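The values are calculated or read from the model by the stated rules, or taken from the named source; none is laboratory data. Just so we're clear, the structure is a prediction, and the values are computed from it rather than from any experiment. Here the Cβ positions follow ideal geometry from the backbone for every residue, glycine too, while neighbour counts run over all protein chains shown. Quick note on the areas: whole protein, heavy atoms, side chains included, nothing else; ligands and nucleic acids left out. Shrake-Rupley method; radii C 1.70, N 1.55, O 1.52, S 1.80 Å.
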Amino acid sequence: MPYTAEISRTNPTSIIFLVDQSTSMSDPIGGEVPQQKADVVADAINRLLTELSVKCAKEEGVRDYFHVAVVGYGATVGSAFAGSLGGRDIVPLSEVADNPARVDERSKKVPDGAGGLVETSVSFPLWMDPVAHGGTPMNRALQYAESLVSGWTERYPASFPPIVINLTDGESTDGDPTAAAEAITSHATADGAALLFNLHVSAAGGTPTAFPDTADGLPDSYARTLFSMSSPLPSHMRSYAASQGQRVSETTRGFVYNADITTVVQFLDIGTRATELR
Amino acid sequence: MSVRSPTAPQPQFPSGAAYAEALQHTQLCFRHPELKGARPDLTKLGLPRAISGAFASVFSLTSATSGQRYAVKCFTRYVPDQERRYQAISARLARLDRAELSQPWNLGFEYLPDAISVGQQRYPVLKMEWIEAVTLSSWLDDNHADRFAVDRLADRFAALTRDLSQHEIAHGDLQHGNLLVAGDDTLRLVDYDGMYVPDLAGLGGTERGHRNYQSPLRGNDDFGVELDRFSAWVIFMSLKAIATDPTLWNRLHQPSGEFLLLTEEDFSSPGGSTGLQTLLAHPDQLVSGLADRVRSLAFQPLELLPPLSDTIPKQRTAPTVTTTSPGPAAAPAGGAGGLPGWMTGHVPSPARPTSTATVSTSPDGFRGRTALDVATALLWPLLLAMTGVLLMAGLPMPTAVAGAPVAAALLLTAFARSRRVERAQARAALAGLTQQLGRLDEPVKAAEKLRKEKEKFEATESERSAAHPKEQDKLTARYHAELKEAEQRKVRKQREIDKKIGKLAEDLSKALLKALTDKQNAYVRDRLGRRLIADSPPHGIGPTLAARLAAVGIRSAADFTGYRTVQNNSFNSTGAVLVISNGRLVNVTGIGEAKAIGLDVWRRDVVASAVARQPKALGTAERQQIEQGITRRRAQLTDQRSALEPATEALRVQARKKLEDGRSRLTQKHTLAGQEAARQRQEFSQRAVTLKQNRAIHESLSASVEAARMSLRRLAYAHYVRFIYVGR
Ligand SMILES: Nc1ncnc2c1ncn2[C@@H]1O[C@H](COP(=O)(O)OP(=O)(O)OP(=O)(O)O)[C@@H](O)[C@H]1O
Ligand SMILES: [Mg+2]
């Protein structure tokens, strides 16, 4: 059965984030407190890197079950890591965990235990900063990811295949991204073809949609294109999504449209919870 | 993985990172007096440090009030009936008499519902005593070379499983991360999430356990005393094997691999597995026997598996000190099929499937002298003495005779050696191994072949991906060409119509002129018709001539148009014929040239007076009719012109559709090709993996072949001679 390989240090998986950093990412996006799309996406990725680090922490430290790349695309295409990892492509998770660009203090309201809320500050490690500048060279970004994916499958032919997660607000400015997307999923390890998931953050409105199994009802052609580019969810991810209360079917794809921040993290989480970590 | 109904969404639990964030403020997130304000161990970044498993993150917290250190387990996944389970487990473990246990492996814990607040909600935690111990895998990293310590740990492990099964407890997930080794090298058992105790019978399991420790036949719903049996055998076998041959740890355990010596594949497809093959081919029968045991257990349902503890004597087994064990005393009598002595009689000898490699082990030198060996040994000094006596006696005799006793001794020794089974065994072992090695593809060649095929594939694949945009461009180019052609056609037609419209003014004046001319001509013709020759005859035309003219159809000025002079040959005089309206010539008797001229002058006068009175302009109605005709024509042309744009648009739409159809066909083709490429690459990856395994098997087989050769060498003549005296 495909997508059942054990994720371990000897058979690690790579997760490649592609982050849209085009000018349009500075537009605000809904919710009670509108946020810039670039902030939403940067937060999601920083949170996720923390999540992965905790998930892979063992008694002796963080284990390299995953190797992670964060690729930005906007005015340029390349590593979006800030700080000491700046310029690096695929980095072992243990190194990621130890080297955020900085640790911010953010204020947060938490229950005080007596029925009220109290404002506290929490430490929040940051690996990338929000950027919104330039066009949307999605094709180039996907091609960049393809070269990483191809190198990875060559190096770890027995591993769970690499997962590419593209976070964007829509329109590619360097042509139809479909072919470049297919080039990614045409790479495979013994365990299956590489996975491409898309997270569409759009100010265009419409119903937020998570893991749809049809493009009907998606508001625009960008959403539909991104939907059709996304890999079908492997069965264990499907059942995980289902256990989280998502409605899923056989043709459910790894696509989220205009999801709010929690769904964003949830989506990424499912994408990385590839199989039981052992 | 937990059992759950597929429809109802499970209650959601916070993630490990969410717990770590909440634990930044233990003063706020806890209510329990010992946990409130407790100090968590921190990471390099100064954040609470987690130890995460598949179902939970464990944090070390030191109580601010008591100074006590706790392990606090925060759950990241829903487990049905969790509280009930922990209460039952806690009650059962509380009844154990610590003094009776083989070692203090059990762990004090307290299940605290609603203990921690994360976000807007409260969740349970498991508060445990913190155990100062390392996981079994890290302990082995440090201690695998200490054979005595490893062997002792194997026995302690066996004793632990005995403790469990005696009290009808099963842990559910025995593995290197849940078995901790304390400073005094005794074991501690952690992670009771999936534990079975009799009170929980019927509840169903919560997880399937670590994949590298489970029987392929363990199902989702298995939950009972026999849960640990397979993993217990796997762990015990691994520890015993390492104790016997510590090099196995470095050979079979990949650094940082999530297993001891064997993995999932070894159990599910033992034929192709490196680990199991190496152990099965191991020269030590304890190792190969236990490995064979694990292999056969993998195909039996859990409830049929023998508990590890039943098959091992309770007293501590002495550590095996040499690799050449078992010694002669423990050597199997023959019927036990290579099982170690202590297993004989307890365990039915498992039949080895013939498909997988069966290696008869090489004997390690000669063992156990037979009567023949003893006789040979005794004969040697005797015959040598005989030769000595013969020589000393100084009797003259041929050297051949003198050498006879020695020759006899040599021959007898050779014969006795040939009767030893060890040599046949060693040869068979060597032959078997060599044959197995021969069946494997030569790894280097196979790798080269794979590399070449891959290279070729990648070349065609990059051609294909390069062709795709070109094909797309071709479609686009054709589309543009079609658009251009439609546009050109439209412009050409527009020009034609515009020209016609521009000429309409000219057409109007022409038509008006023609209508006037027609009208005037009609008037003149009418006047001529009314002027009858009989009524007002021209000069010289009398009634007779008029009658003759009438007879040929000439009655009015309209009936002829002129005359022609003709030569009358017979009289050599000129005559005339008249030209009638249809152009024919008629000869009228009595009309000669003069009369004809007269008639013509008369006709011309009539014409002149008619022309003088003909109408000079068209009537209004006539004129309007003509003008309307032109207007209609203009409207027609204008219509034609405006129809051009929609017609062109239709062509454009058609071309667009053709482009889109072409594109989707191309995309589909590309998608299929992409899927095919993925399939092909997956196959390559599979081959690369197999190759890697084969390389390892190849290496270990080669090593075994070398060892078999060595052991054959140990059966040489000289060794035999030593053996018949020394016994080894
Ligand atoms: N009481 C304890 N004292 C010290 N360390 C502990 C204790 N309990 C757990 N640990 C450590 O935490 C790790 C994970 O704990 P545990 O096995 O309970 O979590 P889990 O999520 O159920 O893991 P899994 O199911 O993957 O084994 C253990 O491997 C061990 O290293
Ligand atoms: Mg555990």
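One residue stands out in the stretch A:224-275 among those that are modelled with pLDDT under 75 and open to solvent by 40 Å² or more (accessible area, probe 1.4 Å): the one that is nearest to residue A:206 (Cα to Cα), namely A:260.
The rows are residues; the columns are (1) surrounded by 13 or more Cβ atoms within 10 Å (Cβ to Cβ); (2) more than 13 Å from residue B:554 (Cβ to Cβ); (3) among the acidic types (Asp, Glu).
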position: B:582; (1), (2), (3): no, no, no
position: B:595; (1), (2), (3): yes, no, no
position: B:634; (1), (2), (3): yes, yes, no
position: B:640; (1), (2), (3): yes, yes, no
position: B:644; (1), (2), (3): yes, yes, no
position: B:650; (1), (2), (3): no, yes, no
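Of the candidates A:213, A:176, A:191, the single residue that is open to solvent by less than 40 Å² (accessible area, probe 1.4 Å) and not aliphatic (A, V, I, L, M) is A:191. Within the stretch B:451-480, the set of residues being closer than 16 Å to residue B:659 by Cβ and more than 10 Å from chain A (Cβ to nearest Cβ) comprises B:470, B:471, B:473, B:474, B:475, B:476, B:477, B:478, B:479, B:480.
Is it the case, given these coordinates, that residue A:64 is touching a strand residue (DSSP E or B) at 6+ places or on another chain (Cβ under 9 Å), surrounded by fewer than 17 Cβ atoms within 10 Å (Cβ to Cβ) and either of a type in the set (Phe, Trp, Tyr) or within 12 Å of another protein chain (Cβ to nearest Cβ) (or both)? The answer is no for residue A:64. Per the conditions (1) of a type outside the set (Lys, Arg); (2) crowded, with 17+ Cβ neighbours inside 10 Å; (3) within 14 Å of chain A (Cβ to nearest Cβ), the sole criterion not satisfied by residue B:158 is (3).
The set of residues in the stretch B:126-155 that are over 42 Å from the mean Cα position of the chain (by Cα) and either open to solvent by 10 Å² or more (accessible area, probe 1.4 Å) or on the phi > 0 side of the Ramachandran plot (or both) comprises B:127, B:128, B:129, B:130, B:131, B:132, B:146, B:147, B:148, B:152, B:155. Restricting the first member to the stretch B:470-492 and to residues that are closer than 9 Å to residue B:655 by Cβ, and the second to residues that are part of a helix (DSSP H, G or I) and open to solvent by 100 Å² or more (accessible area, probe 1.4 Å), the beta-carbon pairs closer than 9 Å and six or more apart or on different chains are B:482/B:654; B:486/B:654. Taking the conditions exactly as written (touching a Ser or Thr at 6+ places or on another chain (Cβ under 6 Å), away from ligand 1 (no atom under 16 Å from the Cβ) and either within 22 Å of residue B:77 (Cβ to Cβ) or outside any helix (DSSP H, G or I) (or both)), does residue B:255 satisfy them or not? For residue B:255, the condition - touching a Ser or Thr at 6+ places or on another chain (Cβ under 6 Å), away from ligand 1 (no atom under 16 Å from the Cβ) and either within 22 Å of residue B:77 (Cβ to Cβ) or outside any helix (DSSP H, G or I) (or both) - is not met.
Is there a residue being within 14 Å of chain A (Cβ to nearest Cβ), among the aliphatic types (A, V, I, L, M), over 28 Å from residue B:461 (Cα atoms) and in a helix (DSSP H, G or I) anywhere in the stretch B:682-705? Yes, the conditions are met somewhere in the stretch B:682-705.
Filtered by the rule that a residue be among the aromatic types (Phe, Trp, Tyr) and more than 9 Å from chain B (Cβ to nearest Cβ), the stretch A:99-131 gives a lone residue, A:127. The single condition from (1) more than 15 Å from ligand 1 (Cβ to nearest atom); (2) out of contact with any Lys or Arg (no Cβ under 7 Å at 6 or more places or on another chain) that residue B:27 fails is (2).
Screening the stretch A:132-162 for residues that are surrounded by fewer than 23 Cβ atoms within 10 Å (Cβ to Cβ) and of a type in the set (A, V, I, L, M) and picking the one that is nearest to the other protein chains (Cβ to nearest Cβ) gives A:158.
Could you tell me whether residue A:45 is open to solvent by 30 Å² or more (accessible area, probe 1.4 Å) and either of a type in the set (A, V, I, L, M) or away from every other protein chain (no Cβ under 14 Å) (or both)? For residue A:45, the condition - open to solvent by 30 Å² or more (accessible area, probe 1.4 Å) and either of a type in the set (A, V, I, L, M) or away from every other protein chain (no Cβ under 14 Å) (or both) - is not met. Using the structure shown, decide if residue A:64 is assigned to a helix (DSSP H, G or I), more than 16 Å from ligand 1 (Cβ to nearest atom) and either touching a residue at least 60 places away in the same chain (Cβ under 8 Å) or not small (Gly, Ala, Ser) (or both). Judged against the criteria, residue A:64 is not a match.
For the stretch B:181-201, the criterion of being within 42 Å of the chain's Cα centre (by Cα), away from ligand 1 (no atom under 14 Å from the Cβ) and open to solvent by 20 Å² or more (accessible area, probe 1.4 Å) is satisfied by at least one residue. Evaluation of residue B:535 against the conditions (1) among the acidic types (Asp, Glu); (2) within 30 Å of residue B:657 (Cα to Cα); (3) more than 14 Å from every other protein chain (Cβ to nearest Cβ) shows that the sole unmet condition is (2).
For the stretch A:3-56, the candidate set comprises residues that are free of Cβ contacts under 8 Å to residues at least 40 places away in the same chain and within 30 Å of residue A:189 (Cβ to Cβ); within that set, the residue that is farthest from ligand 2 (Cβ to nearest atom) is A:10. Return yes or no: is residue B:111 among the aromatic types (Phe, Trp, Tyr), open to solvent by less than 20 Å² (accessible area, probe 1.4 Å) and either under 30 Å from residue A:110 (Cα atoms) or outside the structural domain of residue B:244 (by TED's automatic domain parsing) (or both)? No: the conditions fail for residue B:111.
Among the residues that make up the stretch B:55-71, is at least one of them touching a strand residue (DSSP E or B) at 6+ places or on another chain (Cβ under 7 Å), modelled with pLDDT under 95 and within 7 Å of chain A (Cβ to nearest Cβ)? Within the stretch B:55-71 (the criterion being touching a strand residue (DSSP E or B) at 6+ places or on another chain (Cβ under 7 Å), modelled with pLDDT under 95 and within 7 Å of chain A (Cβ to nearest Cβ)), the answer is yes, since at least one residue qualifies. Just give me the residues in the stretch A:72-98 being part of a loop (DSSP other than H, G, I, E, B) and either without any contact (Cβ under 8 Å) to a residue 24 or more places away in the chain or open to solvent by less than 40 Å² (accessible area, probe 1.4 Å) (or both), in sequence order. Listed by number, the residues that qualify are A:74, A:80, A:81, A:82, A:86, A:87, A:88. Checking B:48, B:14, B:33, B:104 one by one, the residue that is within 14 Å of chain A (Cβ to nearest Cβ), of a type outside the set (Asp, Glu), open to solvent by 20 Å² or more (accessible area, probe 1.4 Å) and more than 16 Å from ligand 2 (Cβ to nearest atom) is B:33 and no other.
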